[in-house]
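**Q** Below: one structure in structure tokens.
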There are 2 protein chains.
Amino acid sequence: MDATLVRETAGDHVDLGELRDSLGFLMRLAQLQVFENYFAALGPYDMRPGEFSVLVVISRNPGIRQGVLANRLMIKRAHITKMVRGLEDQGLVARRIPDEDRRVVELTLTKKGNAFVAERIDVLTTFDRAVPEGMTRKERDQLVHLLHKFLGLTEASA
Amino acid sequence: MDATLVRETAGDHVDLGELRDSLGFLMRLAQLQVFENYFAALGPYDMRPGEFSVLVVISRNPGIRQGVLANRLMIKRAHITKMVRGLEDQGLVARRIPDEDRRVVELTLTKKGNAFVAERIDVLTTFDRAVPEGMTRKERDQLVHLLHKFLGLTEASA
DNA sequence: TATTGTTATACTCTATAACTATA
DNA sequence: TATAGTTATAGAGTATAACAATA
């Protein structure tokens, strides 16, 4: 228990005060934490979280409208346009303007896009199912459950 | 149940697939949600979440070293420098370089900084204690508890 | 040599508003 | 008139690396 050890454990007690009970503050920290882990584990796979989530949702909802996608992912319209254009440039996503309503854009994955997601989805789910250090599996599942409630997501079908 | 209503409820069912169980994804959405609420409620009070959290932690830990503060808030050193300089320019924070170790910077709130925090802390805690729509108070507290665990925060004294 | 903070640079993300085309 | 998407612009946030001062 020498000075070096004390320093390395970064054992400086910091009183967070009112922030300890702030959902917003805690979620911000938690997200930074989980993203740090994410990049450490998945960085080499060339999947940025935002873009990859777009690809996953399109793969699960072929033909989804760009605006619906943006709403669900809480991405602004101006931003989703740039993301989708970028993914289109990479040959991962196809845009289609239907005759019924020529204002909207319907999105699907290309063959290449499907392959891209298929190659990486297992790595992601393995990462996501890992139980965070210091938590039990039950607590981890409970956390997911409460986040669903917080977000107003209906529970999964069985 | 006409077309207008359906559209307004944005009831487009989107299958989130593997993302439903992704802590990272859920936390990202949750944080966007809570920040949206935050700005809606506290925007007029001139408190950006990042800067205000810095002020609160300094107020609770007078003389805290800049690096310790950055670690606890998961802010990069280069970034905390800019933030603290900005807060100093606003007259809210004072920097002090102690003789014992002239590499470090110790932070305190100025009189103005203390007043700034004191004027706003009640609005923040009121906001933070609100129970999110669709959740019970117990669930909200449980969520906070699980986030503490996830972040490795020791439980509050009593 | 290692640590703390600073500076400079660039890149990502996001916000806003004006614009188009379609309905 | 309202909606979906686009474009342009600016700003905030963040990452990186090189640097100076101090230990």
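**Q** Per residue, how many Å² of accessible area does the protein assembly as shown show with a 1.4 Å probe?
**A** Value for the protein assembly as shown: 58 Å² per residue.
**Q** Report, in degrees rounded to the nearest 10, the 0 to 90 angle that the Cα long axis of helix B:111-129 makes with the longest principal axis of chain B.
**A** Around 20 degrees separate the two axes.
**Q** Would you mind working out the magnitude of the charge dipole of region B:46-131 relative to its Cα centre, with +1 at each Lys and Arg C-beta and -1 at each Asp and Glu C-beta, to the nearest 20 Debye?
**A** Using Cβ point charges on Lys, Arg, Asp and Glu, region B:46-131 gives about 260 debye.
**Q** If the only charges are +1 at each Lys and Arg Cβ and -1 at each Asp and Glu Cβ, what is the size of the charge dipole of chain A around the Cα centre, to the nearest 20 debye?
**A** 860 debye
**Q** Let me check against my output: what whole-number percent is the relative contact order of region B:46-131, with C-alpha pairs under 8 Å and at least 6 apart?
**A** 31 percent.
**Q** Another question about this same structure. Any chance you could check region B:40-78 for residues losing 20 Å² or more of accessible area when the partner protein chains are in, compared with the chain on its own (1.4 Å probe)?
**A** Residues shielded by partner chains are B:SER53, B:VAL56, B:VAL57, B:ARG60, B:ASN61, B:VAL68, B:ARG72, B:LEU73, B:MET74.
**Q** While we're here: Which residue fluctuates most in the GNM of chain B (Cα springs below 10 Å): B:LEU32, B:LEU107, B:LEU23?
**A** The residue that fluctuates most here is B:LEU23.
**Q** What is the helix-to-structure angle for A:49-60, meaning the angle in degrees between its Cα long axis and the longest Cα principal axis of chain A, kept from 0 to 90 and rounded to the nearest 10?
**A** Computed tilt is about 50 degrees.
**Q** For A:GLU119, place a label point 7 Å out from Cα along the Cα→Cβ vector, do the same in each other copy, and report the separations in nm, one decimal, smallest first.
**A** Its label point is 5.6 nm from the equivalent points in the other copies.
**Q** Quick check: convex hull over the Cα atoms of the protein assembly as shown, volume per residue in Å³, rounded to an integer?
**A** Hull volume over Cα atoms, normalised by residue count, gives 191 Å³.
**Q** What are the ³J(HN,Hα) values, in whole Hz, obtained from phi via the Karplus relation 6.51 cos²θ - 1.76 cosθ + 1.60 with θ = phi - 60°, for each residue of region B:130-145 in sequence order, with x given for Gly and Pro?
**A** Once θ is set to phi - 60°, the couplings for region B:130-145 become 4, 7, x, 3, x, 10, 8, 4, 5, 5, 4, 5, 5, 4, 4, 4 Hz.
**Q** Based on alpha-carbon atoms only, what is the radius of gyration of chain A relative to the globular estimate 2.2 N^0.38 Å?
**A** 1.32
**Q** Using a 1.4 Å probe on protein heavy atoms only, how many Å² of accessible area do B and A hide from each other, summed over both chains and rounded to 100?
**A** About 6100 Å² of accessible surface is lost on pairing.
**Q** Per residue of chain A, what 222 nm ellipticity follows from adding -39500 (n - 2.57) for every DSSP H run with n ≥ 4, rounded to the nearest 500?
**A** The helix-only estimate for chain A comes to -18500 deg cm²/dmol at 222 nm.
**Q** Then there's this: As I understand it, the dipole of chain A uses +1 on the Cβ of Lys and Arg and -1 on the Cβ of Asp and Glu, about the Cα centre. Which of A:HIS13, A:ALA70, A:LEU29 lies farthest toward its positive end?
**A** A:ALA70
**Q** Nearest 20 debye, what's the magnitude of the dipole of the protein assembly as shown about its Cα centre given +1 on Lys and Arg Cβ and -1 on Asp and Glu Cβ?
**A** With only Lys, Arg, Asp and Glu charged at Cβ, the dipole is about 600 debye.
**Q** Is region B:46-131 rounded, prolate or oblate when judged by the Cα gyration tensor, a ≥ b ≥ c being the square roots of its eigenvalues, rounded requiring a/c under 1.5 and prolate requiring a/b larger than b/c?
**A** Prolate, because a/c is 1.5 or more and a/b exceeds b/c.
**Q** Right, next: Which residues make up the longest stretch of chain B that has no GluC sites (Glu not before Pro) in a DSSP loop with at most 10 other Cβ atoms within 10 Å?
**A** Here the longest segment lacking exposed loop sites spans B:1-99.
**Q** With a cut-off of at most 16 other beta carbons within 10 Å, and DSSP calling the residue loop, which trypsin sites (Lys or Arg not before Pro) in region A:58-95 qualify? Please list them.
**A** Of the trypsin sites (Lys or Arg not before Pro), the ones in loops of region A:58-95 whose Cβ has at most 16 other Cβ atoms within 10 Å are A:LYS76.
**Q** Follow-up. For chain B, take the longest principal axis of its alpha carbons; what is the angle in degrees between that and the long axis of helix B:77-89, to the nearest 10 within 0 to 90?
**A** 70 degrees
**Q** Taking 1 over the mean of 1/r across every pair of different Cα atoms in region A:36-82, what Kirkwood radius in Å do you get?
**A** Final number for the Kirkwood radius of region A:36-82 is 11.6 Å.
**Q** Now a separate question. With unit charges on the beta carbon (Lys/Arg positive, Asp/Glu negative), name the residue among B:GLY91, A:ILE58, B:PHE39 whose Cα is farthest towards the positive pole of the charge dipole of the protein assembly as shown.
**A** It is B:GLY91.
**Q** Something else: If you average the alpha carbon positions of region B:107-139 and of region A:47-101, how far apart do those two centres end up, in angstrom?
**A** First find each Cα centre; the distance between them is then 37 Å.
**Q** When only Cα pairs under 8 Å and 6 or more residues apart are kept, what is the percent relative contact order across chain A?
**A** Relative contact order, chain A: 17 percent.
**Q** Which entries in the list A:LYS149/B:LYS82; A:LYS76/A:LYS111; B:LYS112/B:LYS138; A:LYS111/B:LYS76 go over 31 Å, if you measure between the two C-alpha atoms of each?
**A** The answer is A:LYS149/B:LYS82; B:LYS112/B:LYS138; A:LYS111/B:LYS76.
**Q** Tell me, what % of the accessible area of the protein assembly as shown is carbon and sulfur with a 1.4 angstrom probe?
**A** After summing per-atom areas, the C and S share lands at 50 percent.
**Q** Select from A:VAL123, A:THR81, A:VAL144 the residue farthest towards the positive end of the dipole of the protein assembly as shown; place +1 on Cβ of Lys and Arg, -1 on Cβ of Asp and Glu, and compute about the Cα centre.
**A** Among A:VAL123, A:THR81, A:VAL144, the one farthest towards the positive end of the dipole of the protein assembly as shown is A:THR81.
**Q** 5 Å is the cut-off here: which amide hydrogens, built 1.01 Å from N in the peptide plane, fall below it relative to B:ILE64, excluding neighbours closer than 5 in sequence?
**A** B:LEU107
**Q** Suppose you put the label 7 Å out from Cα in the Cβ direction; list, shortest first and in nm with one decimal, how far B:PHE39 is from each other copy's label.
**A** Label point to label point, same position, other copies: 2.2 nm.
The values are calculated or read from the model by the stated rules, or taken from the named source; none is laboratory data. Bear in mind the structure is a predicted one, so any value in this text is a computation, not a measurement. Cβ atoms come from the backbone with ideal geometry, glycine included; neighbour counts cover every protein chain shown. For the accessible areas, the whole protein counts, side chains as well, though only heavy atoms, and no ligand, DNA or RNA atoms are used. Shrake-Rupley method; radii C 1.70, N 1.55, O 1.52, S 1.80 Å.
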